[in-house]
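Taking it in order: structure first as structure tokens, then the write-up.
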Amino acid sequence: MIEGKFYQLGYICDSIEEGIAQLRGRGMTHEPHTIEVDQPVDSPAGEVINKLRLAFVWIGDVQYELIQPVTDPLGIYANCQSNGGPLRFHQICMRIEGTWEGFLERAKAQDLPLVMWRDMGGDNLKFAYIDARSTLGHYLEYTWMTDAAWDQIRGM
């Protein structure tokens with residue numbers, strides 16, 4: 001299952017600061033937005049909380065999401081393969097249109113595992129991860145957001 005508009009590459013790093021340093025001089029035009037989150041997510045095993053440090057870097061029309069896991073109860077961030085460098089490729093992300101509920105139905109009906117998702121209700125950003133490592137070698141992340149939220153993300 002691949003749908004939506006691609007906009008993001010996600011990388012795991014042991015240090016957000018080192019990850020940011022790797023992108024300096026490679027098209028990064030301003031200091032990235034960095035946050036720390038306690039992120040509750042749903043999974044087939046129930047709700048868990050990921051504790052993460054995140055940085056968002058825009059280079060052209062592509063957002064680079066740097067993820068430094070603090071706690072990773074599902075092991076989703078720990079199981080990406082090392083390439084020997086400080087940034088380890090993890091996922092691509094696409095923004096979907098239509099309804100979130102319709103997307104989740106399609107995601108649950110296809111043959112790749114839906115491993116975590118978050119829906120805070122209303123117009124809040126929603127996301128889901130599909131484990132496509134068996135076919136593509138990485139995760140697929142999907143987001144749903146309003147146009148106003150998209151404009152805010154583009155402004156980071």
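The values are calculated or read from the model by the stated rules, or taken from the named source; none is laboratory data. These numbers come from a predicted model, not from an experiment. Every residue, glycine among them, receives a Cβ derived from its backbone with ideal geometry; neighbour counts consider all protein chains shown. All accessible areas refer to the heavy atoms of the entire protein, side chains included, with ligands and DNA or RNA removed. Shrake-Rupley method; radii C 1.70, N 1.55, O 1.52, S 1.80 Å.
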Inset, instruction - Mind listing whichever residues of the stretch 44-56 are surrounded by fewer than 16 Cβ atoms within 10 Å (Cβ to Cβ) and either polar (S, T, N, Q) or not in a strand (DSSP E or B) (or both)? - result: Pro44, Ala45, Gly46, Glu47
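Yes or no, residue by residue, for (1) touching a residue at least 12 places away in the same chain (Cβ under 8 Å); (2) under 25 Å from Ile12 (Cβ atoms):
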site	(1), (2)
Pro69	yes, yes
Ser82	no, yes
Pro86	yes, yes
Phe103	yes, yes
Pro113	yes, yes
Met116	yes, yes
Leu125	yes, yes
Thr135	yes, yes
Asp147	no, no
Inset, instruction - Answer yes or no: is there a residue in the stretch 7-19 that is open to solvent by 50 Å² or more (accessible area, probe 1.4 Å) and farther than 22 Å from His138 by Cβ. - result: yes
Legend entry - Checking Asp38 against (1) under 19 Å from Ile130 (Cβ atoms); (2) open to solvent by 60 Å² or more (accessible area, probe 1.4 Å), the condition it does not meet: (1)
Inset, instruction - State all residues of the stretch 115-156 that are over 11 Å from the mean Cα position of the chain (by Cα) and hydroxyl-bearing (Ser, Thr, Tyr); if no residue qualifies, say none. - result: Ser134, Thr135, Thr146
Legend entry - the stretch 57-109 - residue that is open to solvent by 30 Å² or more (accessible area, probe 1.4 Å) and hydroxyl-bearing (Ser, Thr, Tyr) and, of those, nearest to the chain's Cα centre (by Cα): Tyr64
Legend entry - Cβ-Cβ under 7 Å pairs, at least 6 apart or on other chains, the stretch 28-53 side farther than 18 Å from Ala78 by Cα, far side small (Gly, Ala, Ser) and open to solvent by 80 Å² or more (accessible area, probe 1.4 Å): none
